[in-house]
Structures are given as C-alpha cells and as structure tokens.
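> Have a look at this one before I ask anything.
The values are calculated or read from the model by the stated rules, or taken from the named source; none is laboratory data. Since the model is a prediction, treat every value here as computed from it, not as a measurement. Reconstructed Cβ throughout: ideal geometry from the backbone, glycine too, with neighbour counts over all protein chains shown. Just so you know, the surface numbers come from the protein's heavy atoms only, side chains and all, with ligands and any DNA or RNA stripped out. Shrake-Rupley method; radii C 1.70, N 1.55, O 1.52, S 1.80 Å.
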Amino acid sequence: MSASPTQADLPIDDDEKRLAELGYKQELRRKWSGFSNFAISFSIISILAGCFTTFGQAWNNGGPVAISWGWPLISIFILIIGFCMSELVSAYPTAGGIYWWAARMGKPIHGWFTGWLNLIGLIAVTASVDYGCATFLSYVLEAYSGWDSGNLYLTFLLFVVILAAHMAINIWGHTIIDVLQNVSVWWHVAGAAAVVLILVFVPEKHQSLSFVFTERFNHSGYSNGTYWFLVLPLGFLLTQYTITGFDACAHVSEETIGASKAAARGLWQSIFYSAIGGWILLLAFLFAATDVGAVDDKAGSVNAIFLTALSSGFYKAVIIISTVGQFFCGMSCITSMSRMTYAFSRDRAVPGWRLWSKVDRNGTPVNAIIGATIAGLILTLPALYKSPTGAPTAFYAVVSVAVIGLYVAFLIPIYLRIRMGDRFVPGPWTLGGKYKVLGWIAVVEIVVVSIYFILPLGPTAIPGNKGFSWVNVNYAPIVLIAVIGGAALWWALSAKHWFKGPIRTVDEALADDTAGQTQ
C-alpha cells in the first residue's frame, strides 16, 4: 500500500480538477471530510445491524462455529476484496464507483451489467437494513406497550415509516447528513461496547469456551451429511451480508475532500474495524446464549438471547442501542443508493434518466432518493407473508439479493483490473505488485459465495419436497435473473446501440486545461 509515482498527490483544491479529468463537472457539494467518508461505510456495514438481524442464519446453519470461526475467516476474504477496491477508488474517485470503473477498464457492456447489479444490490441492502430496523423497533415497542412484534403487517408499517424518515433526512437534511454519519460512528463504537459489557457482567452464567468454539448446529432441515459443504457455508451469510455496502466510500467520493486518498483509506478501514468489533460483539452473544432451547424456538433470533440472559431494564437498553444503530445504518444506505442512482442515470442507463439525474439547488439528488427508496419498498413486499418454519425467509432472500448483487458488481472491475495489468494507472493508494494475487483471491471468493446464496435455504424451499411452500422459497435467484435477464435483453435490443459508458459533462478542452493546472 505505497504511494504511486505515476500520479501526484492531489491537494484539497484539486478535487474538482481531478473530477474534470475523469469527465464530470462538480455538481454535488464537496464538504465531506475523510472521516465522514469512512463513517458512511462503517455505518452501512453496521455491526449493530447485521450482527443482530442475521445472527439466526448462522445459528441455524452451522451453530456457534459458523459465528466464532466463520466471522474472522470470511472477514479476511472481505478485507482482501476491500483492498482491491481501495486501489480502484483511489484511481477513479467518482460517484458512479463500481460501474464507472468497469466501463473505464473494460467496455460499455461491462459497465452496463456492473451498474445494474450494483444498483439492485444497493436497493436490496437498504430494504433489508430498514426492515431489520423495523423488526427491532417492534421489539422496543413490545417491551413498553402491548405492541405485537410477531404481527408482520405492523412490522411492515414500521418499515414504511422508517423508509420515509430516511428519505426525508436525505432530502432535507443535506446540511447535516455528513455530521450524522460522524455521530453514527461513535454511536456504533460506544453502543457495541456497552452491549458487550452488559452481556459480560449482567447474566448470572455464561456458556463455556467449548460451546462457543466447537458446538455445531444444523437446524436447516438438510441432512447432517451436508453440514460441511452446504449447511455451514449458508451460515456464512451472516458475515458476508454484515460486511457489505463499503462501496459507499466511492459513491460519495465526489462529495469528499481529498477523495483519491480519503476514499481509499475509508473503504478498507471501515471493513477492518467492523470485522474486529463485530467478532467481539458476536462472541458476547454466544457466551450469553445459555438457554439454547429458547433461541432455537425463536428460529435463532438473537432477541431470545437477550430475553433469557438479561433483566428487563438491560434487555431494553440492548435493543434500543441496536435499533438506533440500525436507523443510522439505513440512513447511510439511502445516501449511498441515491448517489449510485444519480450517477448511473447521469450516464443515461436508467429509464427516466433525466428525472433521476436532477439535483436541487442544494446539490441533492432528490428524485433519485425518492425513486430508489420506493424500489426498496416494492422489493420487500414478500415479507408480508409468514414462513411456516418461523424463520424470516423473505428477509434472508432480500439479504441474499444484496450480497450477490453487490459482490458480483465488485467482482467485475476487480477482474478487469487484473486483466489490465501494467496498463492500469494507479492513484496515490495502490497495491503495487500484490494486485494480481489479491485480485484472484477476491474473484474466487465472490464466485463461491454467490453460488451458495442462490441455493434454497432449506429442503422445504425445494419444489416437490415434503412440506414445500412458496413462502419458504429463496427468491434471490428469481430477482437476480429478472434484473440480469432484463438488462441483457435491453442491451441486446437497444442499449448496445446507444450506451457508450460514462458520459462526460465537461468538454475535452476544459478537462485538458484542468489537468495541466494540476501538474
């Protein structure tokens, strides 16, 4: 991770000039600090969200070992992916991020498919985070009133309210959104620490080291003979989902001061610190999980751990800390999602691009915020139907869409970077000669997890099996086939004739002039 001799370090007042070299005029307000850039990805990763909402996926598919060993193992692979992407955002700090890199290093078709995968992934991750927040808010309301947390219609109503609140903050809170990202970091750090301390000191007893690091569960419905090659990998969805969305550092790079360095650092550091904090938090969950039967009865819900291990007051404190953290996370997700929608529309790839690419007088892409938020609402409609197994199958399906959409979008530019070899001109943050081995590790890991996360989450999700129900079906592959198939059909019939990749919003003469001023 050394400084590159091929591109000079960019001082703060050269950000706009660098953006012009890449083909764009400065339209979004550039006021985010490097810490704010780090903060948005750290908030979207949100160990107070994913560790809480998808804990049950790992508990049911693998048990404690899927968490105690699976989390650090998968985190290492994700950090490698992050290193590869940090090099790319340093070279190309644009709001388009992933798809822009793919189009620049490959052909328009690469940018086209990367953009659509990235967009559906960001929409899904926003929807899953806000639905998870609604679920935990329902726990809070139930603890203080007669609210029924098991009523899916009430949970969905809270989901709609939370989405609307996040949309409003992103539209009208433009002057404080970066400050809220900073507050979110400290809430996550202090909140996670508080939860860990509560789980260490309040419960009367704890599980053994043997339970936490060697106990295996298989509540998937698949046979025990499939544990190592099917059941356990499905449990890794906990880690792969929680530590995602870090491409936000790229999507807000046009609003970040000193983006070529700040966005690169923010991206990999958000993964690194989240991985450490998340592991400590999850270990605290496992040590406090002394009533295994109660957790099993609630389909692996982490809420069952808190209910059985803590007094009423401490239980309320933990779920409130998590709910607020998830609220911050969802707010950040909409910021990232809307910037991607704006940037992809700016290059005329999204139907109605003129509408979605508009910014108001404050430099806020209002229409993109509204449109992408509504898309997330529609994607989550299956959550209105309860699975007979008791597990939130529809929620996990949205999670799978998010993971596959985002990570496959990451794969394409990482592979293209490998293919470019020495023709790639790095920015001030570079992998040097390590790019090839790290790149191939990243590519292989993404391919493997993507295959696993489109598989049925249990036998009752397979047509023809006993107990089959459409409510149990993992609809992630259906959504992804629809998006990829639709994008492919559109490309073949129309887009290949007019989509040429990123469209310059500054003329060549201006870009050449600004480039000369930076040298």
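> In square nanometres and to one decimal, what's the mean projected area of the convex hull around the Cα atoms of the stretch 415-470?
Over every viewing direction, the Cα hull of the stretch 415-470 projects on average to 5.8 nm².
> Next question. Just round it to a whole percent: the fraction of Cα-Cα distances in the stretch 125-206 exceeding 16 Å.
Numbers: 2226 of 3321 pairs.
When every Cα pair of the stretch 125-206 is considered, 67 percent fall beyond 16 Å.
> How much accessible area per residue does the stretch 20-114 have, counting only protein heavy atoms and a probe of 1.4 Å, in square angstrom?
Numbers: 1960 Å² over 95 residues.
With all protein chains present, the stretch 20-114 gives 21 Å² per residue.
> Here is a further query. With the crude spin-label approximation of a point 7 Å out along Cα→Cβ, what separation in nm comes out for residue 355 versus residue 422?
5.1 nm
> Report the gain in length on full extension from residue 454 to residue 183: 0.36 nm times residue separation, minus Cα-Cα distance, nm rounded to one decimal. Intermediate values should be presented prior to the final figure.
Numbers: separation 271, 0.36 × 271 = 97.56 nm, distance 3.58 nm.
Using 0.36 nm per residue and subtracting the Cα-Cα distance, I get 94.0 nm.
> How would you order 171-182, 341-352 from highest to lowest mean count of nearby Cβ atoms within 10 Å?
Details: 171-182: 17.3, 341-352: 22.6.
My ranking of the peptides, most packed first, is 341-352, 171-182.
> Let me ask something else about it. Give the relative contact order (percent, whole number) for the chain; include only Cα pairs under 8 Å separated by 6+ residues. Don't skip to the end; give the middle numbers.
Details: 942 pairs, mean separation 177.7, N = 519.
Across the chain, relative contact order equals 34 percent.
> 7 Å from Cα along Cα→Cβ at both residue 144 and residue 494: what's the point-to-point distance in nm?
4.9 nm
> Report Rg/Rh for the stretch 221-309, rounded to two decimals, where Rg is the Cα radius of gyration and Rh the Kirkwood radius.
With Rh from the inverse mean 1/r over Cα pairs, Rg/Rh is 1.14.
> Another question, then. Could you state the accessible area per residue of the stretch 188-271 in Å², with a 1.4 Å probe and every protein chain left in place?
Working: 3050 Å² over 84 residues.
For the stretch 188-271, the solvent-accessible area averages 36 Å² per residue.
> Also, quick follow-up: First measure r as the distance between the Cβ atoms of residue 504 and residue 16, then evaluate 1/(1 + (r/R0)^6) with R0 = 22 Å and state the FRET efficiency to the nearest 0.05.
Values: r = 15 Å, r/R0 = 0.67.
In this case the efficiency is close to 0.90.
> Note the per residue figure in Å³ for the convex hull of the C-alpha positions in the stretch 160-313.
For the stretch 160-313, the hull spanned by Cα atoms encloses 171 Å³ per residue.
> Roughly how many Å² of residue 416 are accessible to a 1.4 Å probe, to the nearest 10?
0 Å²
> Follow-up. Order these peptides, 468-481, 253-266, 196-209, by their mean beta-carbon neighbour count within 10 angstrom, highest first.
In decreasing order of mean packing, 468-481, 253-266, 196-209 become 253-266, 468-481, 196-209.
> Can you pull the three principal axis extents for the Cα set of the stretch 257-335, in Å, largest first?
That works out to 51, 22, 22 Å along the principal axes.
> Two-decimal Rg/Rh of the stretch 57-186 from alpha-carbon positions, Kirkwood Rh?
1.05
> Separate question: Each label point is 7 Å from the Cα along the Cα-to-Cβ direction; what then is the distance between the points at residue 362 and residue 223, in nm?
Each label point is offset 7 Å from its Cα along the Cβ direction, giving 6.0 nm.
> What FRET efficiency do you get for residue 208 and residue 465 if R0 is 35 Å and r is their Cβ-Cβ distance, rounded to the nearest 0.05? Write out the running numbers ahead of the final one.
Numbers: r = 36 Å, r/R0 = 1.04.
FRET efficiency, residue 208 to residue 465: 0.45.
> Still on this structure: Highest mean first, what order results for 225-237, 394-406 on Cβ atoms within 10 Å?
Averaged packing, sorted descending, gives the order 394-406, 225-237.
> What number, in nm² with one decimal, is the all-direction average of the projected area of the convex hull of the alpha-carbon atoms of the stretch 1-138? Intermediate values should be presented prior to the final figure.
Details: hull surface 45.1 nm².
Projected over every direction and averaged, the Cα hull of the stretch 1-138 covers 11.3 nm².
> Using only the alpha-carbon atoms, what does the chain span along each of its principal axes? Please give whole angstrom values in decreasing order.
Reported extents, whole Å, longest axis first: 69, 48, 44.
> To continue, here is another question. Taking N as the number of residues in the stretch 234-373, what is its alpha-carbon radius of gyration divided by 2.2 N^0.38 Å?
1.37
> For the chain, give the percent of accessible area contributed by carbon and sulfur heavy atoms, probe 1.4 Å, rounded to a whole number.
66 percent
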